[in-house]
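The values are calculated or read from the model by the stated rules, or taken from the named source; none is laboratory data. Every value quoted in this text rests on a predicted model; they were computed, and no experiment measured them. So basically every Cβ, Gly included, is an ideal-geometry build from the backbone, and we count neighbours across all protein chains shown.
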Amino acid sequence: MSDQPESGRDKLKISYMHLCGSTFTAVSLKDAEFRDTHLMNALVDDVNATGMRFNNVNLSDAKIREVNMSGASIKFANLTGFAISDANYTDMTIDGILVSDMLALWKDTHGAQS
């Protein structure tokens, strides 16, 4: 018998609980739902969030780094002040227009600086 506990398969329903400062390591939250939840200053690192959905979420001042968003979409978003840098724009569109085409046109009309 090993010193490590067997992986649990509990299904929890937690309501009106403050878990501030908690750490979850090697935890599967597949098919979990977070509703009316505060995640301010939370860190999500080395996470497989394939198929994750965000509805009615405030991501003001969020920092998103080293993220694979291939095939992702954003709809009905307020992108005021939103900035993207050092990104792969292959096949990325805004309102159906290829971002690479927009950047090429900008460079043609405003010189080589970006």
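Numerical summary
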quantity: Selection count where residues are among the aromatic types (Phe, Trp, Tyr) and farther than 22 Å from Arg9 by Cα, scope the range 29-43; calculated: 0
quantity: Some residue of the range 91-102 being on the phi < 0 side of the Ramachandran plot, β-branched (Val, Ile, Thr) and in contact with a helix residue (DSSP H, G or I) (Cβ under 9 Å, 6 or more places away or on another chain); calculated: yes
quantity: Only one of Asn58, Asn41 that is modelled with pLDDT of 90 or more and at positive phi; calculated: Asn41
quantity: Matching residues in the range 82-97 - criterion: being under 17 Å from the mean Cα position of the chain (by Cα) and not aromatic (Phe, Trp, Tyr); calculated: Ala83, Ile84, Ser85, Asp86, Ala87, Asn88, Met92
quantity: Ser73 vs. criteria within 26 Å of Ala104 (Cβ to Cβ) and small (Gly, Ala, Ser); calculated: yes
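This table checks each residue for (1) surrounded by 10 or more Cβ atoms within 10 Å (Cβ to Cβ); (2) free of Cβ contacts under 8 Å to residues at least 40 places away in the same chain; (3) in contact with a Ser or Thr (Cβ under 9 Å, 6 or more places away or on another chain); (4) part of a loop (DSSP other than H, G, I, E, B).
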| residue | (1), (2), (3), (4) |
| --- | --- |
| Glu33 | no, yes, no, yes |
| Asp46 | no, yes, no, yes |
| Gly51 | no, yes, no, yes |
| Val57 | yes, yes, no, yes |
| Arg65 | no, yes, no, yes |
| Gly71 | no, yes, no, yes |
| Ile84 | yes, yes, no, yes |
| Ala104 | yes, yes, no, no |
| Thr109 | no, yes, no, no |
